[in-house]
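A quick write-up on the structure given underneath.
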Amino acid sequence: MNSYPSQRTHSRWIQVCWSALLGLVLPLVVLGLFAEPAEAVAVFQVPTVAAGEPTWVVDEANIISRINENKISSRFSELAAATGNEVRLVTIHHFDYGDTIQSFTDKLFERWYSTPEEQANQTLLVLDEVTKTVGIRVGDQAATLLTDDIATSVAQETVLFPLLEGDKYNQSFLAASDRLGAVLGGQADPGPPNFDDSFDSESTFASAEETAENRGNSTVVLIVLLVLATVIPMATYFWYVGFGN
């Protein structure tokens with residue numbers, strides 16, 4: 001006679017626990033499985049900037065201070081007025097899957113500037129925050145001053161050296177704007193900043209294999225949590241039923 005009320009109480013208790021566990025675990029599963037794709041940026045998601053438009057910095061990753069963004073914009077605006085050469089800096093959180101930073105940069109360059117005439121005097125520099133990689137694309141006319149060697153050095157040394165020394169994004173872009181402004185303004189190339197060669201940059205960032213492995217491990221953990229959230233309430237329920245009888 002007394003076991004039925006006890007069983008009913010225990011069942012209601014199990015239902016409450018089950019609901020609480022689902023409320024805790026399912027959001028974690030959803031975030032773990034879908035957060036990364038949501039943060040990836042496709043080319044078409046970057047705001048369009050046309051040739052001649054007075055927008056010089058597109059900071060989608062929100063890593064450049066307002067003061068320094070204004071400084072960079074002022075430098076590039078003066079450069080465009082004096083020489084006709086236009087430079088734009090773009091930051092993104094992470095490029096879309098299937099892209100590299102250079103393919104992303106090329107696609108964005110061709111989306112913004114669709115004709116050879118529009119492309120001729122353009123330079124586009126794009127930084128990916130997650131991978132800390134940099135792409136650069138230079139129009140044919142601008143390339144007479146900003147050669148392939150200098151452009152590569154700007155992307156791989158001027159921009160990256162401050163990042164390897166401690167995520168100095170503002171310093172990185174200010175240095176890049178100075179160097180690009182000098183070269184495209186017809187001045188001598190000031191060259192890249194000094195960098196300590198003893199610094200082990202390879203140990204700073206995860207390789208593609210390590211990133212994929214970590215993502216796989218995270219997925220396994222989430223699946224295990226989901227299974228536990230299913231099994232534990234069921235096991236507890238049957239134990240209480242057995243105990244009540």
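The values are calculated or read from the model by the stated rules, or taken from the named source; none is laboratory data. It should be emphasised that the depicted structure is a prediction, and the values quoted were computed from it without experimental measurement. Neighbour counts run over all protein chains shown; Cβ positions are idealised from the backbone, glycine included. Remember, those area values only see protein heavy atoms, side chains included, never the ligands or the DNA or RNA. Shrake-Rupley method; radii C 1.70, N 1.55, O 1.52, S 1.80 Å.
Please report the orientation-averaged projected area of the range 74-164, defined via the convex hull of its C-alpha atoms, in nm².
Mean orientational projected area (the range 74-164, Cα hull): 6.2 nm².
Given Cα pairs under 8 Å that are at least 6 residues apart, what percent is the relative contact order of the range 61-204?
Taking the mean separation of contacting Cα pairs over the length of the range 61-204, I get 23 percent.
Leaving out same-chain residues fewer than 8 places away, which lysines sit with a Cα under 25 Å from that of residue 71?
132, 168
Expressed in nm to one decimal, what extension gain is obtained for the pair residue 82 and residue 195 from 0.36 nm per residue of sequence separation less their Cα-Cα distance?
In short, 37.5 nm is gained.
Enumerate the whole-percent occupancy of each 5 Å bin, from 0 to the last occupied one, for all C-alpha pair distances of the range 82-129.
Per 5 Å bin, starting at zero, the Cα-Cα P(r) for the range 82-129 comes out as 5, 20, 30, 21, 14, 8, 2, 1 percent.
What is the spin-label model distance, in nm, from residue 55 to residue 39 if the labels are put 7 Å beyond Cα along the C-beta direction?
Each label point is offset 7 Å from its Cα along the Cβ direction, giving 2.4 nm.
When the convex hull of the Cα atoms of the range 64-109 is projected onto a plane and the area is averaged over all directions, what value comes out in nm²?
Computing the convex hull of the Cα atoms and averaging its projections yields 3.9 nm².
With the crude spin-label approximation of a point 7 Å out along Cα→Cβ, what separation in nm comes out for residue 65 versus residue 168?
Here the modelled spin labels are 1.3 nm apart.
May I ask you to give the solvent-accessible area per residue for the range 38-79, in square angstrom, as obtained with a 1.4 angstrom probe?
Per residue, the range 38-79 has 54 Å² of solvent-accessible surface.
Translational diffusion coefficient of the range 44-121 at 20 °C, 1.002 mPa s, Stokes-Einstein with Kirkwood Rh over Cα pairs, in µm²/s as a whole number.
The diffusion coefficient I find is 159 µm²/s.
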